[in-house]
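Please read the structure below before turning to the comments.
The values are calculated or read from the model by the stated rules, or taken from the named source; none is laboratory data. For clarity, every value in this text was computed on a predicted model and none was experimentally measured. A quick note on method: Cβ atoms are made from the backbone with ideal geometry, for glycine too, and the neighbour counts reach across all protein chains shown. Surface areas here come from the heavy atoms of the whole protein model, side chains and all, with no ligands, DNA or RNA. Shrake-Rupley method; radii C 1.70, N 1.55, O 1.52, S 1.80 Å.
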Amino acid sequence: LTKKKRPSVIYLHCAECTGCTEALLRNVGPFFDELIMETISLDYCETVMAAAGDASHDALLKAMNNPEGYICVIEGGIPTKHGGEFGKVGGQTMLQLCSEVASKAMATIAMGSCASFGGVQAAAPNPSGAKGTNEALAHVGVKAINIAGCPPNPANFVGTVVHLLTKGMPKLDQWSRPLMFFAQTVHDKCPRQKHFNKGEFAPSFTSKEAKQGWCLYKLGCKGPYTYNNCPTQLFNQVTWPVQSGSPCIGCSEPGFWDQYSPFFSA
Ligand code: SF4
Ligand code: SF4
Ligand code: F3S
């Protein structure tokens, strides 16, 4: 995969917290610097690029006019109410910018649950009319791959980019998430499942039973309804929410936030 001519990536930011980028910056295997120096050419990314103002806009135009094309990554929900005027970059609404960039891309990746399904800014009452990429950009024919999660596992993003570059489009589930990462529920591979099966539920987060690995279902765990590979992939090869004592809060599902709260039952 490592080659002299690296494929161009344009990484756009919309309404969000930037946690997805923070997760990506901490990726291991490859590290972020290896990713952008050896695999892709990150030609535009508002959070990490040195350029600002006109220089950054020029970088965007140059990347968009690359004759070899580019991959578009979108992070954050896209405000759509009142023509999208709730979010602007360089005088353009995020809706305009994403429409222009993603509709001309070789492929588009929605990075995180905000970009996939709207995320926290799409929670009721959703004053800005924030939507996920595929809903907001359906009018220009964009069909993004959703790397859901809040934040998503950066390994799922990197794996999808590598798949796109080597084998083309990965197989997707009904919510446009790559099946290679989202085919099973968190519950399917959870090490606490043996306690779930025996009806052993931790009574509180601070209980000895919780520390002994009993199931967190009665404390609010949404693992049985949440498709993601957290228990096997781990975050940065270290841990994942349920291993650390927190219930899964359903962060990779459409409907996260409104349909998955309250997150904790204790
Ligand atoms: Fe932040 Fe989560 Fe949205 Fe990523 S998906 S930008 S981590 S709120
Ligand atoms: Fe399933 Fe959650 Fe219990 Fe794990 S902690 S077994 S994911 S309900
Ligand atoms: Fe999200 Fe649940 Fe994994 S909250 S990070 S899908 S354990």
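Below are the figures for this structure:
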quantity	calculated
Members of the range 230-244 that are part of a helix (DSSP H, G or I), within 12 Å of ligand 2 (Cβ to nearest atom) and under 18 Å from the mean Cα position of the chain (by Cα)	CYS230, PRO231
Failed item, numbered, when LEU60 is tested on (1) open to solvent by 20 Å² or more (accessible area, probe 1.4 Å); (2) over 24 Å from CYS251 (Cα atoms); (3) in a helix (DSSP H, G or I)	(1)
Within the range 180-195, considering residues that are part of a loop (DSSP other than H, G, I, E, B) and of a type outside the set (Val, Ile, Thr), the one surrounded by the fewest Cβ atoms within 10 Å (Cβ to Cβ)	PRO191
Residue in the range 257-266 that is nearest to ligand 2 (Cβ to nearest atom), counting only those that are part of a helix (DSSP H, G or I) and open to solvent by 30 Å² or more (accessible area, probe 1.4 Å)	GLN259
Sole residue being assigned to a loop (DSSP other than H, G, I, E, B) and more than 17 Å from the chain's Cα centre (by Cα), chosen from PRO254, PRO247, PRO224	PRO247
Any hit, the range 26-37, residues being buried (at least 17 other Cβ atoms within 10 Å of the Cβ) and modelled with pLDDT of 95 or more	no
Residue that is under 29 Å from LYS81 (Cα atoms), modelled with pLDDT of 95 or more and either in contact with a strand residue (DSSP E or B) (Cβ under 6 Å, 6 or more places away or on another chain) or of a type in the set (S, T, N, Q) (or both), where the choices are ALA138, ALA144	ALA144
Residues that are at pLDDT below 95 and closer than 23 Å to THR133 by Cβ, drawn from the range 42-55	GLU46, THR47, VAL48, MET49
Qualifying residue in the range 158-179 (condition: crowded, with 24+ Cβ neighbours inside 10 Å, polar (S, T, N, Q), under 21 Å from ALA23 (Cβ atoms) and out of contact with any Ser or Thr (no Cβ under 8 Å at 6 or more places or on another chain))	yes
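Conditions (1) touching a residue at least 24 places away in the same chain (Cβ under 8 Å); (2) on the phi < 0 side of the Ramachandran plot; (3) within 16 Å of ligand 1 (Cβ to nearest atom); (4) in contact with a Leu (Cβ under 6 Å, 6 or more places away or on another chain), marked per residue:
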site	(1), (2), (3), (4)
LYS208	no, yes, no, no
PRO224	yes, yes, no, no
THR232	yes, yes, no, no
ILE249	yes, yes, yes, no
